[in-house]
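Let me begin by presenting the structure, written as structure tokens, before commenting on it.
The values are calculated or read from the model by the stated rules, or taken from the named source; none is laboratory data. It should be emphasised that the depicted structure is a prediction, and the values quoted were computed from it without experimental measurement. With ideal geometry, Cβ positions are generated from the backbone for all residues, glycine too; neighbour counts draw on all protein chains shown.
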Amino acid sequence: MSSNIFDGILTQRTLFIQKETLRHTHTPERLPHRDAEVETLSFNLVEALKGHIPSNMILYGVTGAGKTAVTRYVCDQLLRKGEQIGRVVHPVLVNCRQIDTQYRVLSHLGNTLLEAHEEADIPFTGWPTDRVFSELVKRMDERGGVYVIVLDEIDHLVKKAGDDLLYNLTNLNAELKNARACVIGISNDLKFTDFLDPRVRSRLGQEDIIFNPYNAEQLQDILRGRAQNAITPDAIGDGVIELCAALAAQENGDARCALDLLRVSTEKAEQEGVSIVEQQHVRIAQAQIESDQVTPVIRTLPTQQKMVLVSVLINENNGLRNIQTGEVYHIYKQACNLVGQQFLTARRISGIINNLDMLGLITAKVISRGRHGRSKEINSCIPNNIDPIDVMAKAEPVFSEIFANRFRHQSRL
């Protein structure tokens, strides 16, 4: 039998018992340091088990604060209890970063209620939106019960598609005859409701829960609990969990970051063929995770997006923070002229800034300036251990000339 490249890897000793336990998509049996949030959410959703309508809610908090994990956990428990006592409840979770238009959300909700005797899915596109909404209402009424519609990353949907969907979903109970529904929004942005119509805001924000970031000690508890089921005993060296927690605590208390660090650190130790994960593996994992997330994205950006990102970085290198769109555009035009690139209009550059924001390379926060209207405050969010200028210069050598000039910004008044 011929040899196979996987032979040696398959027979190599593994340090994992159940690797999936260290992924943030895993819902554990217990959620440390989120008892109060679980209780508040459960106290509201218990109304579904009584056949009543729970209040609509918004869950706020930074990335990795446990919002989605808590919601999944409570909804799983809700579904189990409903089956035990014969109450029909339907929790449905929608990721609004992946399903990000009103039509797609409504069709997704409708298709999750597809019965075996029904002929076909709601098509991915092609129907009028009001027909999709009517079909959703019809299917909900046919099945009955109480629906808990969870819209994860709801702020992304609102910024992209407006609040028409939320208006329709928060008005569902006026259309339903044999069913009831509530909406739970999950958001990283505390101020996203500022973009909502007042009627939608009052209906949606009937009850809010704020998820505070985890501190380093809390992250240690989370990692130790997960590691018991995920990694072989005695495979974690001194200070490894503490270092993973400390690094994640610096990133706004992100539990996802902490879990990723511990998982990738263990993978690195496995690759080296050693039996204990050490702190050096955590440092290697940190560099890999940050590089894996950012470097390929920068390298594959279209030229004009790279030019705009360069303009943000040059402004920052010249000492500016909370950079305004006009300041980015000023440097962008100079950079285009220097390398003979045709520059785009300010309106199109504003769209590119929004794209870079969605990719996580910059933050572009819209702020109100009263009677002067709204403007954006732009900052880069590329990890300190990655040199984006070096990455882009290697991807497109012409950028070396731009970086060498380092245009000075115009002083603010």
Checklist entry - Do we find that ARG72 is part of a helix (DSSP H, G or I) and exposed (fewer than 14 other Cβ atoms within 10 Å of the Cβ) in this structure? => result no
Checklist entry - Which one of these does LYS81 not meet: (1) over 20 Å from ARG256 (Cα atoms); (2) of a type outside the set (Asp, Glu); (3) assigned to a helix (DSSP H, G or I); (4) under 27 Å from the mean Cα position of the chain (by Cα)? => result (4)
Checklist entry - Restricting the search to region 165-192, which residues are in a helix (DSSP H, G or I) and more than 30 Å from LYS50 (Cα to Cα)? => result PHE192
Item to check | Residues that are more than 22 Å from ASN229 (Cα to Cα) and loosely packed, with under 10 Cβ neighbours inside 10 Å, drawn from region 8-20 | outcome: GLY8
Checklist entry - Of the residues THR14, THR27, which is polar (S, T, N, Q) and farther than 18 Å from VAL89 by Cβ? => result THR14
Checklist entry - Among the residues of region 1-49 satisfying the criterion of being touching a residue at least 60 places away in the same chain (Cβ under 8 Å) and hydroxyl-bearing (Ser, Thr, Tyr), which is farthest from LEU259 (Cα to Cα)? => result THR40
Item to check | Hey, ILE331 at pLDDT 85 or above, assigned to a helix (DSSP H, G or I), within 28 Å of PHE192 (Cα to Cα) and not assigned by TED's automatic domain parsing to the domain that holds ARG283 or not | outcome: no
Item to check | Residues located in region 138-158, provided they are assigned to a helix (DSSP H, G or I) and either among the aliphatic types (A, V, I, L, M) or surrounded by 22 or more Cβ atoms within 10 Å (Cβ to Cβ) (or both) | outcome: MET140, ILE154, ASP155, LEU157, VAL158
Checklist entry - Do we find a residue being surrounded by fewer than 16 Cβ atoms within 10 Å (Cβ to Cβ), in the same structural domain as CYS182 (by TED's automatic domain parsing) and within 24 Å of the chain's Cα centre (by Cα) anywhere in region 61-69? => result no
Next on the checklist: Given the condition of a type in the set (Asp, Glu), surrounded by 14 or more Cβ atoms within 10 Å (Cβ to Cβ), within 21 Å of ARG97 (Cβ to Cβ) and not assigned by TED's automatic domain parsing to the domain that holds PHE195, answer yes or no: does some residue in region 348-363 qualify?
Outcome noted: yes
Checklist entry - Within region 185-204, is even one residue among the β-branched types (Val, Ile, Thr), touching a Pro at 6+ places or on another chain (Cβ under 9 Å) and modelled with pLDDT of 90 or more? => result no
